[in-house]
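Student: I am attaching a structure below and will ask some questions about it afterwards.
Derivation of every value follows stated rules applied to the coordinates shown; laboratory data play no part. These numbers come from a predicted model, not from an experiment. A quick note on method: Cβ atoms are made from the backbone with ideal geometry, for glycine too, and the neighbour counts reach across all protein chains shown.
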Amino acid sequence: MESSNFANTNVSSNVVKSTYSSRQIVSDEIISINKETHSEALIALTAGFPSDSLTEEEIEAKVVSVVGGIEQINYILIRNHIITKWRDNVSNWVTKDTFVDVIPERFSDLLDSAYHYLLSHGYINFGVALAIKDRILAKPSKGRVIIIGAGLAGLAAARQLMSFGFEAIVLEGRNRAGGRVYTKKMEGGNTVAAADLGGSVLTGTLGNPLGFLAQQLSYTLHKVRDQCPLYRADGKQAQARNLSGCCSWSGIRGFTRGFWCCDD
Ligand SMILES: Cc1cc2nc3c(=O)[nH]c(=O)nc-3n(C[C@H](O)[C@H](O)[C@H](O)COP(=O)(O)OP(=O)(O)OC[C@H]3O[C@@H](n4cnc5c(N)ncnc54)[C@H](O)[C@@H]3O)c2cc1C
């Protein structure tokens, strides 16, 4: 677990506040970014953003000066566009400058607001890609945060805090990181194998942050197939009973996960 000092010069000090500036855009104009507003709204939906309203968290962060109305519509269009742009290549660090050509100057306050909100709340530019790690510098500029538990949540929180310029110290009760994710390596005879004793399946890849980490690490994802045999302790394959009536199948966003009923 990395717990050394990090700071990010590219994350400005107002990132953590993510509050819309008091300068209000007085305009009836709805911004035209591109023709993909519908598909960008669908992508934002997979990140948990409703297509035509703000989340409670955005309202609390005061991303717009007035909730409702044209300013909010424009903010949503810009926010959806930024998310989509980062999702195009999650191994990149998307900068605000990326958008100056497509978002007119008069909407720069909304661009600031949306970009800082998404960055500070971990919707863009997160993970383990080199371009993202490179933004983390050796000396933290902010305070020290102690995180209890080196499971997925603790490790992700530590990394995110480090990218904001905090020093993160992770305290773990066990003698290993990973928490409920644990791959056990086994050797016997001439055979080496590994088995996941905890979390192992990404249930859905659309918007799943673990799916982005897999992309950043260039890991190949394998489908959990319809044919997913279970093995008994003696290494023999368990025989499936008459599957109708006792098994359920669920296809979830590209993944098919089979639940087998076995007679032993
Ligand atoms: C058998 C199994 C199969 C699973 N399969 C899947 C799957 O296929 N797909 C999926 O998405 N999810 C799966 N999950 C769930 C997934 O593993 C968890 O949701 C996820 O790992 C939880 O991460 P976490 O960081 O929130 O908590 P944890 O992984 O539980 O991490 C918490 C960490 O905090 C430490 N800790 C707790 N209290 C203290 C303390 N007081 N001081 C110091 N350290 C402390 C613990 O030791 C632990 O390391 C599975 C879970 C199990 C058990």
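Student: Set the Förster radius R0 to 41 Å, insert the Cβ-Cβ distance between residue 73 and residue 196 as r into 1/(1 + (r/R0)^6), and round the FRET efficiency to 0.05.
Tutor: 0.35
Student: Oh, and also: Grab the Cα-Cα distance for residue 60 and residue 146, subtract it from 0.36 nm times how many residues apart they are, and report the gain in nm with one decimal.
Tutor: Separation in residues times 0.36 nm, less the Cα-Cα distance, equals 28.4 nm.
Student: What does the extension gain come out to for residue 45 and residue 133, with contour length at 0.36 nm per residue minus their alpha carbon separation?
Tutor: Length difference between fully extended and current span is 29.0 nm.
Student: Hey, which lysines would be in cross-link range of residue 223, C-alpha to C-alpha under 25 Å, not counting anything within fewer than 8 residues on its own chain?
Tutor: Hits, sequence-local ones excluded: 184, 185, 236.
Student: Between residue 169 and residue 105, what FRET efficiency comes out of the Förster formula 1/(1 + (r/R0)^6) with R0 = 51 Å and r the beta carbon distance, rounded to 0.05?
Tutor: Efficiency at R0 = 51 Å is approximately 0.75.
Student: On to the next question. Near residue 142, which aspartates and glutamates are there with a Cα under 20 Å away, not counting those fewer than 8 places off in the same chain?
Tutor: List returned: 2, 134, 167.
Student: On to the next question. Please enumerate, by chain and number, the lysines with C-alpha under 21 Å from the C-alpha of residue 85, excluding those fewer than 8 residues away in the same chain.
Tutor: By straight Cα distance, residue 85 reaches 35, 96, 133.
Student: Taking Cα pairs under 8 Å and at least six residues apart, what relative contact order does the range 69-171 come out at, in percent?
Tutor: The value is 24 percent.
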